[in-house]
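First comes the structure, then the notes that go with it.
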Amino acid sequence: MVEEFELPYPQYRCPTCGKDLPLNEARMTVTCAEHQPADAVDFVVRAANADDRHDIEEICDRALGETEIDVFDQTFDVISGENLIAEADGALAGLLSTAVHGGELVIVLLSVYPEYQGKGVGAALLRAAVDFARERGLPAVRVAVSNDDVSLLYFYQRHGFAIYDVAVGLLADRAGAAVAGFSGIPSRDELRLRRPVCAG
């Protein structure tokens with residue numbers, strides 16, 4: 001296994017001390033609902049436009065270091081995708097990039113800056129993507145998550161997604177070896193989740 005895989009920027013923020021954390025230093029904590037961070041933030045979700053390109057490139061760079069994302073055995077370019085963004089105080093707070101693949105809406109990338117995580121931004125972007133699929137008559141929304149990303153797996157399952165397939169070893173094969181991911185968990189497999197979209 002490759003021990004270190006450093007992304008250029010922190011992916012999470014510690015709710016106790018406020019430190020921004022790289023992927024491999026983040027840890028899970030189980031808390032009751034009463035002890036969840038309650039800091040509210042005002043934001044709006046909207047479709048991205050050409051003026052948002054620089055902000056989209058920047059959040060992609062911070063999340064993965066590139067705008068081309070490999071999921072579902074295909075490479076998607078976030079810049080040419082249909083993107084939804086969340087804005088807070090006139091600045092980008094989060095991005096959800098989509099594409100139509102196999103007759104369904106695919107979430108190519110969901111990224112929320114650490115300072116806006118846990119404040120409903122990701123959930124609002126996800127609701128907007130489901131509405132987007134429904135408006136276009138698409139039967140489902142799919143997403144792929146690496147096996148190590150426990151927090152993202154939790155997030156999607158809480159929002160109605162269910163695992164329907166596992167591409168065993170795909171990520172390790174693509175990288176040449178398993179890479180230390182979230183909390184040092186070896187990133188090996190692509191877990192594929194799907195949520196049906198009911199007609200509105």
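A quick yes/no check of all residues on (1) in a helix (DSSP H, G or I); (2) in contact with a His (Cβ under 9 Å, 6 or more places away or on another chain); (3) more than 17 Å from Val141 (Cβ to Cβ):
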position	(1), (2), (3)
Arg62	yes, no, yes
Phe76	no, yes, no
Glu87	no, no, yes
Leu95	no, no, no
Thr98	no, no, no
Subject >> Extreme residue, nearest to the chain's Cα centre (by Cα), among residues of the stretch 83-102 that are more than 27 Å from Ala175 (Cβ to Cβ) and surrounded by fewer than 17 Cβ atoms within 10 Å (Cβ to Cβ) >> reply: Val100
Subject >> Checking Val145 against (1) farther than 14 Å from Arg195 by Cβ; (2) crowded, with 20+ Cβ neighbours inside 10 Å; (3) hydrophobic (A, V, I, L, M, F, W, C), the condition it does not meet >> reply: (1)
**OP:** Answer with yes or no whether Ala40 is loosely packed, with under 13 Cβ neighbours inside 10 Å, modelled with pLDDT of 95 or more and out of contact with any helix residue (DSSP H, G or I) (no Cβ under 7 Å at 6 or more places or on another chain).
**Re:** no
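The values are calculated or read from the model by the stated rules, or taken from the named source; none is laboratory data. Bear in mind that the values here come from a model prediction, so they are computed numbers and not experimental data. No Cβ is skipped: glycine too gets one built from the backbone with ideal geometry, and neighbour counts run over all protein chains shown.
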